[in-house]
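The structure under discussion appears below in the form of structure tokens.
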Amino acid sequence: MGLVDTHCHLQSERFDEDRAAVLRRALDALDWIVLIGDTLESSQAAVDLLQNGVYAAVGVHPYHPEQADGEGIKRLRALAGVTRVVAIGEIGLDYYRYNEAPRDLQQRAFRAQLELAAELNLPVVIHNRDSQDDLAAILDEHYVSLCGGIMHCFSGDAAFVERCLLWDFHVSFAGNVTFPKAQALRDAAKAVPMNRLLVETDSPYLAPQPVRGKRCEPAFVRYTAETLATVKGIEVDELTAQTTANARALFRI
Ligand code: NI
């Protein structure tokens, strides 16, 4: 069993020039990848790219909460019915950029999409930035009706890991866990049980060491896996087998 990338955005315009080549390198290096939507348009674009080894999640990011209105939810429901669409995401809250999107609108969009995931029996892919308390309060209400989820690009501490486990979530690490100054993040990774750990790139963002600063692509996920293996004190082959098995079970692939 090889590595997988559970979170990438190859629909991004940053891949417009060479998307086919990036996709080929991804599928040469990895068993499969999941394209993640962040708008209605990029969710549709992810579905348009579905093929052998390529899965998708559809959803509206907290920066575009106005898209998750009645009509938007209807479109997401239709996209989620396509074969190889395996999750609702990415959804969540983001208070990092003040005034980017009003918090009450973000929360409404988040709740509406959590309800959609529960209705469709699909796991959720969660985005959280500087919004942990409100996000946790909403998930406390909704988790019982969900069939699992992923705290993507994890940025919290060991206490928040515990909270995620309580919701029966998986915890996914991106390239930033490899950065020299990210010891706190590596300590959090240490607290994640092996059967809950996932690995991702969030391409085109957050390229890991030693390709930091470059446009990230799914094939780079191996650097993040190597760091996590070191953190866990195991061989990278074992880390690979376990994280891929985790992702397979969660997404029912
Ligand atoms: Ni993302």
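Quick look at the numbers
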item: Criterion (more than 16 Å from Thr39 (Cα to Cα) and either surrounded by 22 or more Cβ atoms within 10 Å (Cβ to Cβ) or out of contact with any helix residue (DSSP H, G or I) (no Cβ under 9 Å at 6 or more places or on another chain) (or both)) met by exactly one of Arg84, Arg103, Arg129; result: Arg129
item: Evaluation of Leu198 against (1) under 12 Å from Asp5 (Cβ atoms); (2) more than 16 Å from the chain's Cα centre (by Cα) (one fails), failing number; result: (2)
item: Any pair with Cβ under 7 angstrom, 6 or more apart, that starts in the stretch 176-203 at a residue that is in contact (Cβ under 8 Å) with a residue 40 or more places away in the chain and ends at one that is β-branched (Val, Ile, Thr) and more than 16 Å from the ligand (Cβ to nearest atom); result: Val177/Thr227; Thr178/Thr227; Arg186/Val231; Ala189/Val231; Lys190/Val231; Leu197/Thr243; Leu198/Thr243; Val199/Thr243
item: Test: residue in the stretch 4-16 that is of a type in the set (Val, Ile, Thr) and within 12 Å of the ligand (Cβ to nearest atom); result: yes
item: Exclusive hit being under 19 Å from the mean Cα position of the chain (by Cα) and outside any helix (DSSP H, G or I), set Leu23, Leu79, Leu93, Leu27; result: Leu93
item: Residue match in the stretch 56-67 (condition: in a loop (DSSP other than H, G, I, E, B) and more than 15 Å from the ligand (Cβ to nearest atom)); result: no
item: Looking only at the stretch 30-39, and only at residues there that are within 25 Å of Ile73 (Cβ to Cβ) and part of a strand (DSSP E or B), the one that is nearest to the ligand (Cβ to nearest atom); result: Ile36
item: Every residue from the stretch 118-150 that is touching a Leu at 6+ places or on another chain (Cβ under 9 Å) and within 16 Å of the ligand (Cβ to nearest atom); result: Pro123, Val124, Ile126, His127, Asn128, Arg129, Asp130, Ser131, Leu135, Gly149, Ile150
item: Residues (free of Cβ contacts under 8 Å to residues at least 40 places away in the same chain and assigned to a helix (DSSP H, G or I)) located in the stretch 96-115; result: Arg103, Asp104, Gln107, Arg111, Leu114, Glu115
item: Odd one out for Asp94, checked against (1) buried (at least 18 other Cβ atoms within 10 Å of the Cβ); (2) more than 21 Å from Tyr205 (Cβ to Cβ); (3) of a type in the set (Asp, Glu); result: (2)
item: Conditions (1) of a type outside the set (D, E, K, R); (2) under 17 Å from the mean Cα position of the chain (by Cα); (3) loosely packed, with under 14 Cβ neighbours inside 10 Å; number of the one not met by Ala137; result: (2)
item: Filtered residues of the stretch 202-229 (kept if among the small types (Gly, Ala, Ser), away from the ligand (no atom under 16 Å from the Cβ) and more than 18 Å from Ala188 (Cα to Cα)); result: Gly213, Ala219
item: Whichever residue in the stretch 46-55 is free of Cβ contacts under 8 Å to residues at least 60 places away in the same chain and not in a loop (DSSP other than H, G, I, E, B) and, among such residues, is nearest to the ligand (Cβ to nearest atom); result: Ala46
item: Of all residues in the stretch 151-179 being crowded, with 24+ Cβ neighbours inside 10 Å and assigned to a strand (DSSP E or B), the one that is nearest to the ligand (Cβ to nearest atom); result: Ser172
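Bear in mind that the values in this text are calculations on the coordinates, not laboratory data. Quantities reported herein were computed from a predicted structural model and do not represent experimental measurements. Every residue, glycine as well, gets a Cβ built from its backbone with ideal geometry; the counts of neighbours run over all protein chains shown.
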